[in-house]
1. For helix 38-71, report the angle its Cα long axis makes with the longest principal axis of the Cα atoms of the chain; keep it between 0 and 90° and round to the nearest 10°.
2. Among all stretches of the chain without exposed trypsin sites (Lys or Arg not before Pro) (DSSP loop, at most 11 other Cβ atoms within 10 Å), which one is longest?
3. Would you work out the charge dipole size for the chain about its Cα centre, treating the Cβ of every Lys and Arg as +1 and the Cβ of every Asp and Glu as -1, and quote it to the nearest 20 debye?
4. Going by how many other Cβ atoms sit within 10 Å of their own, how do 16, 52 line up, fewest first?
5. Using a 10 Å cut-off around each Cβ, can you sort 38, 25, 6 from fewest to most neighbouring Cβ atoms?
6. Taking only Cα atoms, what is the 0 to 90° angle, nearest 10, from helix 12-27's long axis to the longest principal axis of the chain?
7. Sort 32, 19 by Cβ crowding within 10 Å, fewest neighbours at the top.
Amino acid sequence: MNEAVVTIKATESELECLIWALTVVKTVRLPIEPDWKVPYKALLKDMVSIKEGISEAKRLKTIDQKEEEIGTQNPEECFNCD
C-alpha cells in the first residue's frame, strides 16, 4: 500500500518544538518492546535534516549578502581591499 505524502508548513520555532518532542519520545522507557519508537526515530532524523538544511541555507545567504556588499563598495573607500 502506498502512503500519501503531505506538505506541512512550519516555522523554525515549530520545527524546534517537533525536534524536542520527538527527542523526548525517543528517550522514553516503557516496559514494552521498543519497536513502536522506530517511526518516531525516523521522523526525528528527517526533522533534524530539515533543520540543518535551513541553517545551511541561512549561512549561504549571509555569505552571498556579504560578497554582494563587498562587490558594491567603492574601491576608493576600501583601504583593505586587494
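1. 0
2. Values: sites that count: 9, 29.
The segment 30-82 is the longest one with no such site.
3. Numbers: 11 positive and 16 negative charges, 158 e Å.
Taking the Cα centre of the chain as origin, the dipole is about 760 debye.
4. 52, 16
5. Numbers: 38 9, 25 15, 6 5.
Ordered from fewest to most neighbouring Cβ atoms within 10 Å, 38, 25, 6 come out as 6, 38, 25.
6. Approximately 40 degrees, to the nearest ten.
7. Working: 32 7, 19 16.
Placing the least packed residue first, the sequence is 32, 19.
Readers should treat all values here as calculations from the given coordinates under stated rules, not as data from a laboratory. Predicted model only: the values in this text are computed from it and were never measured. When we count neighbours, we look across all protein chains shown, and the Cβ atoms used for this are built from the backbone with ideal geometry, even at glycine.
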